[in-house]
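Worksheet for the structure shown next.
The values are calculated or read from the model by the stated rules, or taken from the named source; none is laboratory data. Quick caveat, the model's predicted, so the values are computed rather than measured. All Cβ positions, even for glycine, are placed from backbone atoms using ideal geometry, and neighbour counts span all protein chains on display.
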Amino acid sequence: MSDSGAAQNIEQLRKLLREHDYRYHVLDQPLVSDEEYDALLRELVHWEQAHPELITSDSPTQRVGGAVLEGFVKATHRTPMLSLGNAFSTEDLREFDARVRQAAGGNSGYVCELKIDGLATSLLYEEGVFIRGATRGDGVIGEDITHNLRTVRALPLRLREVVSIEVRGESYLPKAAFERLNRQREERGEPLFANPRNAAAGSLRQLDTAVVAERRLAFFAYALATPEGLAASQSEALTLMAGLGFPVNPNWKRVSSIEDVLAYVRWAEGARTELPYEIDGVVVKVDSFAAQRELGVTAKSPRFAIAYKFAAEQAESRILRIDLSVGRTGAVTPTAVIEPVQLAGTTVSRATLHNEDVIREKDVRVGDLVLVQKAGDIIPEIVRVLAEERDGSEQPYRMPGECPACQSSLAREDGEAALRCLNPSCPAKRVESLIHFASRSAMNIEGLGDMIVESLHEAGLINDPADFYTLTKEQIIRLERMGDKSASNLLEAIAASRRQPLERLLFGLGIRLVGEKAAQTLARRFRTLDGLMAADVDELLAIPDIGPKMAESVTAYFAQPDSRALVERLRSYGLRFDTDLPGEDERPGGAFTGKTVVLTGTLTALTRQQAQTLIEDQGGKVVGSVSQKTDYLVAGEGAGSKLAKAEDLLRANPNASLRILDEQTFLRMIGAADVTVRE
């Protein structure tokens, strides 16, 4: 066939596949089965392989992934992606309505939309062709994730009209895809994602686009960043975006009053469990763009929109039994096994009870009917016992005196709530210590999940962290569900962990009371592991933030012959015993030099750990509570008691040095261009 004939066939197939994508993802009216669609796609692949010079970036074949990226580059948004202010009650919504009416002299009505629990995403199109996609980042600078977004079938690579626009929306993982992904990760012994939002964010930051394509992400468009000449209102913009080929959530509604808004919120709260995707609230926007411009924006958020956040979802369930787990430090933690219930989009069958004191304070008994919720929509917990529903068959629970794993005696130290197993050879403690050593915050051994660690330990292949570096492919392949490729990848990850710096190794060793921050402090001060091992209690106490208990714990750890032997084995396998962190005398000054800072609430551009590291790198000290000595309080979204205490302190002493910073001010102080954005 001639080149012109091939080009014609290829273009016809592309148009047909785009039409099917539009009908499936936008109209929800598919005309062909998945098998028929796949057959058309295979035919297009065949033609393009025969004529590679005709392949274009907007072809449906460019969704399959396969490229392995070296990393993500930063992308500057043409218009800032502002975060929304939050409402948590009907009173908050009424106050928002009053502010709108006072500032704008009335309004043109509102548009109510479901708040999809995913990852805010910006899409850029030139002449109708998708050219760039980016994360929100700090609202000004995000990360370029174009290659990964190309794999999202719901996202059009070519629009139905030739137009240049920037569209904002939410990339998310449907409930069914989330459950499927977690089943696969459980089978492979990998950590499970806590919720669909985390899974979506983690997927879009994958460097292997084939992995992203496999996870079946979806997308909803919700805003035109460049509406000039295209739409005069949010309702017009939503209709326009659907017409251009974007999937737009069909449950949006234009209303004329705040009472209608409240009715929509009540509907959404009732409907959330039946939807095929997670929502965590409702977004309310003034409809008219002219009114939006009149209302304007603050440094952090627009005045014309607000996000109503649902309260934590709760459900009743019954306690079937109480199980005990032993952590790496020997702490024995009780967990209630409950009748399975649906909460925040997942099936919950276990809820933490924390410790013996919590069981006693809440009077938790086996057989009790209890109210369960997900704290922060992540960790299931028992809110309270429904004691009024008891029939007398419920059994009080008492913590045992022996370790459930090794039957050694349990002890409770003064000032602690946890019972601990003190047996250094306890198998449960050993497994948890091995899992901790390989974890992301420690040595970050990719692919070494809990189940694989347990299998290696049960097979007698590992007993302490140094044993990881003795493993062979032949040993790993013998494990269940481990093939040649998986074994090779795991060995490569173990080898790569040898390059982790001292602070990660220190944290990974699991020295009691030494967390990530303390490990960094010790690495900065002593520079090498040998230097730390030679230190006595007095030297450790001379370091700010190192108290008597931690100093004693560190010296006691390195005084043990077993610990010394482990260190020498790790040395023999080539692990790093030094750090790249600047020393205490080398650390540069900065905006927070000599200042004490408290972080509260949720930051949208940074994780809590990233913010803390940046503050410390600029000479500051991060503490956990507000006091007269606090210089700055950085208040993110949902800031609560710490913010209230800071405001009380300022009211009592207006001349205090304490200053409250919102996120945007904080980012400017540390230099937003240098921020590694949160995802």
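Observations
- Any chance PRO548 is surrounded by fewer than 17 Cβ atoms within 10 Å (Cβ to Cβ) and either of a type in the set (Phe, Trp, Tyr) or in contact with a strand residue (DSSP E or B) (Cβ under 8 Å, 6 or more places away or on another chain) (or both): no
- Taking the conditions (1) part of a loop (DSSP other than H, G, I, E, B); (2) modelled with pLDDT of 70 or more; (3) not aliphatic (A, V, I, L, M) in turn, PRO30 satisfies each one other than (2).
- Just one of (1) of a type outside the set (A, V, I, L, M); (2) out of contact with any helix residue (DSSP H, G or I) (no Cβ under 6 Å at 6 or more places or on another chain); (3) touching a residue at least 24 places away in the same chain (Cβ under 8 Å) fails for HIS147. It is (2).
- Test result for GLY85, among the small types (Gly, Ala, Ser), modelled with pLDDT of 80 or more, touching a Pro at 6+ places or on another chain (Cβ under 9 Å) and assigned by TED's automatic domain parsing to the domain that holds TRP267: yes
- LYS621 meets the conditions (1) under 29 Å from the mean Cα position of the chain (by Cα); (2) at pLDDT below 80; (3) not aromatic (Phe, Trp, Tyr) in every case but one. The failed one is (2).
- Residue satisfying condition, being of a type outside the set (S, T, N, Q), more than 21 Å from the chain's Cα centre (by Cα) and crowded, with 16+ Cβ neighbours inside 10 Å, within set GLU166, GLU161, GLU170: GLU166
- Among the residues of the stretch 438-471, those identified as modelled with pLDDT of 90 or more and over 19 Å from ARG188 (Cα atoms) are ALA442, MET443, GLY460, ASN463, ASP464, PRO465, ALA466, ASP467, TYR469, THR470.
- Members of the stretch 471-485 found to be assigned to a helix (DSSP H, G or I) and not acidic (Asp, Glu), listed by number: LYS473, GLN475, ILE476, ILE477, LYS485
- Residue in the stretch 621-629 that is of a type outside the set (Asp, Glu), closer than 30 Å to LEU505 by Cβ and in contact with an Asp or Glu (Cβ under 8 Å, 6 or more places away or on another chain) present: yes
- Of all residues in the stretch 285-301, those that are at pLDDT 90 or above and either part of a loop (DSSP other than H, G, I, E, B) or over 17 Å from ALA231 (Cβ atoms) (or both) total 1.
- Pick from the stretch 486-535, criterion of a type in the set (Ser, Thr, Tyr) and over 14 Å from PHE558 (Cβ atoms), ranking: surrounded by the fewest Cβ atoms within 10 Å (Cβ to Cβ): SER488
- Residues of the stretch 222-240 that turn out to be under 29 Å from the mean Cα position of the chain (by Cα), assigned to a helix (DSSP H, G or I) and under 19 Å from ARG78 (Cα atoms), as a count: 0
- Of the residues making up the stretch 638-673, those that are touching a residue at least 12 places away in the same chain (Cβ under 8 Å), assigned to a helix (DSSP H, G or I) and basic (Lys, Arg) are LYS642, LYS645.
- Top-ranked residue in the stretch 187-237 [being acidic (Asp, Glu) and at pLDDT below 85; ranked as nearest to GLY483 (Cα to Cα)]: GLU187
- Looking across the stretch 409-444, the residues that are surrounded by 13 or more Cβ atoms within 10 Å (Cβ to Cβ) and charged (D, E, K, R) come down to ARG412, ARG420, LYS429, ARG430, GLU432.
- Any hit, the stretch 119-128, residues being crowded, with 20+ Cβ neighbours inside 10 Å and under 30 Å from SER257 (Cβ atoms): yes
- Selection within the stretch 356-377: residues that are surrounded by 14 or more Cβ atoms within 10 Å (Cβ to Cβ) and modelled with pLDDT under 85. The member of this set that is nearest to ILE279 (Cα to Cα) is ASP377.
- Residue list for the stretch 454-476, filter: among the aliphatic types (A, V, I, L, M) and without any contact (Cβ under 8 Å) to a residue 60 or more places away in the chain: LEU456, ALA459, LEU461, ILE462, LEU471, ILE476
- Test: residue in the stretch 395-408 that is surrounded by 14 or more Cβ atoms within 10 Å (Cβ to Cβ) and not in a loop (DSSP other than H, G, I, E, B): no
- Residue in the stretch 312-322 that is surrounded by 17 or more Cβ atoms within 10 Å (Cβ to Cβ) and more than 30 Å from LYS175 (Cα to Cα) present: no
- Verdict on ALA213 being assigned by TED's automatic domain parsing to the domain that holds GLU294, in contact with a helix residue (DSSP H, G or I) (Cβ under 8 Å, 6 or more places away or on another chain) and part of a helix (DSSP H, G or I): yes
- First in the stretch 275-301 and assigned by TED's automatic domain parsing to the domain that holds GLU663 and more than 28 Å from LYS374 (Cα to Cα), second anywhere and assigned to a strand (DSSP E or B) and at pLDDT below 90, Cβ under 8 Å, 6 or more apart: none
- Residues (assigned to a helix (DSSP H, G or I) and within 20 Å of ARG512 (Cα to Cα)) located in the stretch 429-470: LYS429, ARG430, VAL431, GLU432, SER433, LEU434, ILE435, HIS436, PHE437, ALA438, PRO465, ALA466
- Just one of the listed residues (ARG303, ARG318) is under 28 Å from the mean Cα position of the chain (by Cα) and of a type outside the set (Ser, Thr, Tyr), namely ARG303.
- Some residue of the stretch 613-625 being more than 27 Å from SER441 (Cα to Cα) and surrounded by fewer than 19 Cβ atoms within 10 Å (Cβ to Cβ): no
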